[in-house]
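Only one structure is covered here, and it is reproduced in the block below.
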Amino acid sequence: MIPFPEVLSRLSGSFELSVGATVSGDFPDAVRLALPGLDLRPGDSGEIDVRRDPALGEEAYRLTAGSRGVEIVAGGRAGAFYAAQSLHQLLPGDSYRFTERASWPVPGVRVEDAPRFPWRGLHLDVARHFFPKREVLRLIDLMALHKLNRLHLHLVDDQGWRVESRAYPLLHEVSSHRPRTAVNHHREPAAYDEVPHGGYYTLDDLAEIGAYARARCVTVVPEIDVPGHASAILAAYPEFGATGERHEVLDRWGISPAILSPLPPTVEFLTTVFDEVMGALGGTPYVHIGGDEVVLDHWAASSEIVSYGESLGLAGANELQAWFLRRLADALAERGARAVVWDEAFVSGGLRADTVVMPWRGMGVGRRAAAAGHDVVATPVFPLYFDYAEASAADEPMAIGDAITLADVAAFRPAPPEWSDEERARVLGAQAQLWTERVPDARTLDYRMWPRACALAEVAWSGTGRDGFGERLAEHLGRLDALGVEYRPLDGPRPWQRRRPHRPSGTRVADVMARIEAMTHDPESTRPSV
C-alpha cells in the first residue's frame, strides 16, 4: 500500500465485495468516488458501512475488513475518501480496470491512519507547455489514489497565459499562444520547432477542474507569477509594464527582463484577475503570486516608479517589490485567501505573517522562513524538481539536468530532524514541481512524474519513507499499469520513451543547489542570471 498506513494488521477471515454492493452511513459519495469500477449503491445498510467520529482529524480514518464486510470510521469526508482509497489498494490490481468481473476478494485487515502533513502537493507548469483539461482531471485522479491533496497550477509565465479573462480578453486571445518553441538542449545554440503552441482554460473549465478536485479532496492552488515572468502578459497589455513597450510571448526558455509595473493600475488589474480565477474555482484558500527570478532593472530606470517608491517611504527597487507583493497578499486576504510565494519574496522581506513560503532554493532558506514565523511547504530543487532526469544517461528523455532519483525522493524529510520543534511545526508539507520546458506532452508528463510522485506521496503522508517501499512500489506499479500510466520503469526507459535524448552531466543538480542556496543569503537575490 502506498502511502503505507500507520497501522496495518492482518485479521482472520475475508470478504467478497460484489459489484453493486451497498455503502451505508456517512459520506457514501466519497466511498463510491474512490471505487468507481464497483458501481456501489447508497443504502440504509450494506456491505460497507461508514461512520463519522468527530474525535478523529478530518483526514484520519480506521478501516476494518472481515467476513461480515467493511467498516470505516472517519473524521470527515476526506478521511472516508482515503479509507476507501486504502480499501481499493487491498483489492487486486485489476480492480483498477473496468471489467465484467462480478466481485473482488477483500482480505481481513485493520488499518488506522492519518497524515503527518496537511499539504501533500504536486505542481504542474501549464504555461511552458499547455496540458488540456482532460490531462489535469486525469492527474487529479492519480493524486487522489496517492492521497495527494494540493494541485499547484502554474498558469502564467513568459511563454504563455493559460486562463480566460472576461475582464481582460487579450490575455487569452493574444497571450495564450506562441508561434514556435525552443527545442535545443540547455546552454546550446537556439533551435526551434517552428510549430505554433498554445491553449487556455475557459473560466468554465476552471470551475469544472475546481469542482472535480474538491470532490476528490484536492485543493487547486492557482499561480499568477508576478511581477517578473511577465512577457506573455505584456504581449497583451503593455501598459501594465514598467516601460510600456510591447513584448512577445517568449518562444525560448530562461528568464526575461519583462516586468510588471508596481503602480496602482497594475494592482487593480491583478486583483481583477484574482477575482475571476478565484470565482471560477469556487474559492480557494491559497493563491500563489510568485515573486521569483525578478529582474528589477526597469523599475530602477523608471523615474515614475522610483518616485512612487519614494512616496511610500521605500529605499529602492527591492523594498518596492516587497511592498508590491504584500499589497497583493493584502488583497487576497480581503478575499479570504492566503498568499503563497517562492523564497526570493521572503529573502526580500516585508511579507505578511500569514504568507506561505516555498523554499525552492533549498531547505536552509526554508528553515529561516520557518524561524521567522512563516508556514513553509518544502519544495527544494533537490530532490523535488521532477524536470531533472532520473539518471545521468543518454537514453533518458531530454531534461534540464541530472539526476534526481526515486531513491532521492524517498529519502527526503520535509521537516528535518535537526530543526527545532518550533521550526518543524511550521512545515505544512511537501510538494514536487514539474516544470515543462522539456515536457511537451502527456506521455512525457507521465514519465517524469511517476513513480517519483509515489515516493513523494509516502514522504508527504508519513513524514518519511517507510520500510519496504521498494517491494510495495513493485506491486503498486501494477495499479498504474491498469490505469494506463506510462511511468518510467524502475530499470530505465522503454525504447519508445527515449525520444529527444538527454545530454548527461550538462547541469548537475548538486552544482545547482550549491549556487542557488548561496544566493538566498543576498537580499537582492531575486535577480537571476539572464
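For the stretch 158-174, what does the Karplus curve 6.51 cos²θ - 1.76 cosθ + 1.60, with θ = phi - 60°, yield as ³J(HN,Hα) per residue in whole Hz, taken in order and with x for Gly and Pro?
4, 8, x, 10, 10, 9, 4, 10, 7, 7, 10, x, 5, 4, 8, 7, 10
By how many nm would the segment from Asp395 to Asp44 lengthen if fully extended, with 0.36 nm per residue of separation less the alpha-carbon distance? Could the numbers behind the result be given before it?
Numbers: separation 351, 0.36 × 351 = 126.36 nm, distance 5.60 nm.
So the chain would gain 120.8 nm between Asp395 and Asp44.
Quick one: which residues, 5+ away or cross-chain, put their amide H under 5 Å from the amide H of Val220? H built at 1.01 Å from N.
Under 5 Å from the amide H of Val220: Leu151.
Multiplying the sequence separation of Leu483 and Ala207 by 0.36 nm and subtracting their Cα-Cα distance, what value in nm do you get? Don't skip to the answer; put the middle values down first.
On the way: separation 276, 0.36 × 276 = 99.36 nm, distance 2.52 nm.
That works out to 96.8 nm of additional length.
How big is D, in µm² s⁻¹, for the stretch 306-379 by Stokes-Einstein at 4 °C and 1.567 mPa s if Rh is the Kirkwood radius over C-alpha pairs? Present the calculation step by step, with values, prior to reporting the outcome.
Details: Rh = 12.7 Å.
Reported coefficient: 102 µm²/s.
Using 10 Å bins from zero, what percent of all Cα-Cα pairs in the stretch 1-142 falls into each bin?
Pairs per bin, as whole percents: 11, 40, 33, 13, 3, 0.
Give me the angle, in degrees from 0 to 90, between the Cα long axis of helix 203-215 and the longest principal axis of the Cα atoms of the chain, rounded to the nearest 10.
40 degrees
With charges set only on the Cβ (+1 for Lys and Arg, -1 for Asp and Glu), what does the dipole of the chain come to about its Cα centre, in debye to the nearest 20?
Working: 55 positive and 74 negative charges, 220 e Å.
About 1060 debye.
Please list 3J(HN,Hα) in residue order for the stretch 399-407, calculated via the Karplus relation 6.51 cos²θ - 1.76 cosθ + 1.60 where θ = phi - 60°; whole Hz, with x for glycine and proline.
9, 6, x, 8, 10, 10, 9, 4, 5
What angle do you read, to the nearest 10 degrees and between 0 and 90, between the alpha-carbon axis of helix 509-519 and the longest principal axis of the chain?
50 degrees
Rounding to the nearest 20 debye, state how big the charge dipole of the stretch 285-337 is about its Cα centre with +1 on each Lys and Arg Cβ and -1 on each Asp and Glu Cβ. Don't jump to the answer; show the numbers that get you there.
Working: 3 positive and 8 negative charges, 44 e Å.
In total the dipole reaches around 220 debye.
How large, in Å, is the chain by the Kirkwood hydrodynamic radius built from its alpha-carbon pairs?
Working: mean 1/r = 0.0416 Å⁻¹.
Hydrodynamic radius (Kirkwood, Cα only) of the chain equals 24.0 Å.
Using the Karplus curve 6.51 cos²θ - 1.76 cosθ + 1.60 with θ = phi - 60°, what ³J(HN,Hα) values do you get for each residue of the stretch 37-50, in whole Hz, with x for Gly and Pro?
Rounded to whole hertz, the list is x, 8, 6, 5, 10, x, x, 6, 8, x, 5, 10, 10, 10.
Over the stretch 412-467, how many percent of alpha carbon pairs lie in each 10 Å bin up to the one with the longest distance?
Computed distribution, short to long bins: 21, 40, 26, 12, 1.
Name the long-range amide H neighbours of Tyr286: under 5 Å, sequence gap of 5 or more, or other chain; modelled H, no Pro or chain starts.
The list, which skips near neighbours in sequence, is Arg338.
Could you tell me the extents of the stretch 385-530's C-alpha atoms along the three principal axes, largest first, rounded to whole Å?
Principal-axis extents of the Cα atoms in the stretch 385-530, largest first: 46, 39, 21 Å.
Label the stretch 9-73 by shape, choosing from rounded, prolate and oblate, from the square roots a ≥ b ≥ c of the eigenvalues of the Cα gyration tensor; if a/c is under 1.5 it is rounded, and otherwise prolate applies when a/b is larger than b/c, oblate when it is not. Before the final figure, lay out each step's value.
Values: a/c = 1.77, a/b = 1.10, b/c = 1.61.
Here the stretch 9-73 falls in the oblate category.
Run the simple label-point estimate for Ser12 and Ala333 please: 7 Å along Cα→C-beta, distance reported in nm.
Taking the two extended label points, one gets 6.1 nm.
Accessible area of the stretch 1-102 with a 1.4 Å probe: how many percent of it is carbon plus sulfur? Could the numbers behind the result be given before it?
Values: 2080 of 4640 Å².
It is 45 percent, rounded to a whole number.
What number comes out for the charge environment of Glu390, summing +1 per Lys or Arg and -1 per Asp or Glu over other residues with Cβ under 10 Å away? List each step's numbers first, then the result.
Numbers: positive: Arg448, Arg452, Arg488; negative: Glu396, Asp402, Asp408.
So the environment of Glu390 carries a net charge of 0.
Under 1.5 on a/c is rounded, so check that first for the stretch 248-322, then, if it is not, pick prolate when a/b is larger than b/c and oblate when it is not; a ≥ b ≥ c are the square roots of the alpha carbon gyration tensor eigenvalues. Walk me through the numbers before you get to the answer.
Working: a/c = 2.20, a/b = 1.36, b/c = 1.62.
Oblate, because a/c is 1.5 or more while a/b does not exceed b/c.
Pull up the DSSP beta bridges for the stretch 29-150 and report the antiparallel fraction as a percent, rounded to 5.
On the way: 11 of 17 bridges.
So the antiparallel bridges in the stretch 29-150 amount to around 65 percent.
If you take every DSSP beta bridge fully contained in the chain, what fraction is antiparallel? Give it as a percent rounded to 5. It would help to have the intermediate numbers written out before the result.
Values: 27 of 70 bridges.
The antiparallel proportion sits near 40 percent.
Please compute the contact order of the stretch 207-265 in relative form: average sequence separation of alpha-carbon pairs under 8 Å and at least six residues apart, divided by the residue count, as a percent.
Reported as a whole number, the value is 33 percent.
Can you give the helix-only mean residue ellipticity at 222 nm for the chain, where every DSSP H stretch with n ≥ 4 adds -39500 (n - 2.57) and the sum goes over all residues, rounded to the nearest 500 deg cm²/dmol?
Details: 19 runs with 180 residues, N = 530.
Helix contribution divided over all residues of the chain: -10000 deg cm²/dmol.
The values are calculated or read from the model by the stated rules, or taken from the named source; none is laboratory data. Note that the structure is a prediction, hence the values are computed from the model and not measured. So basically every Cβ, Gly included, is an ideal-geometry build from the backbone, and we count neighbours across all protein chains shown. Accessible surface is based on the protein model in full, side chains and every heavy atom, while ligands, DNA and RNA are left aside. Shrake-Rupley method; radii C 1.70, N 1.55, O 1.52, S 1.80 Å.
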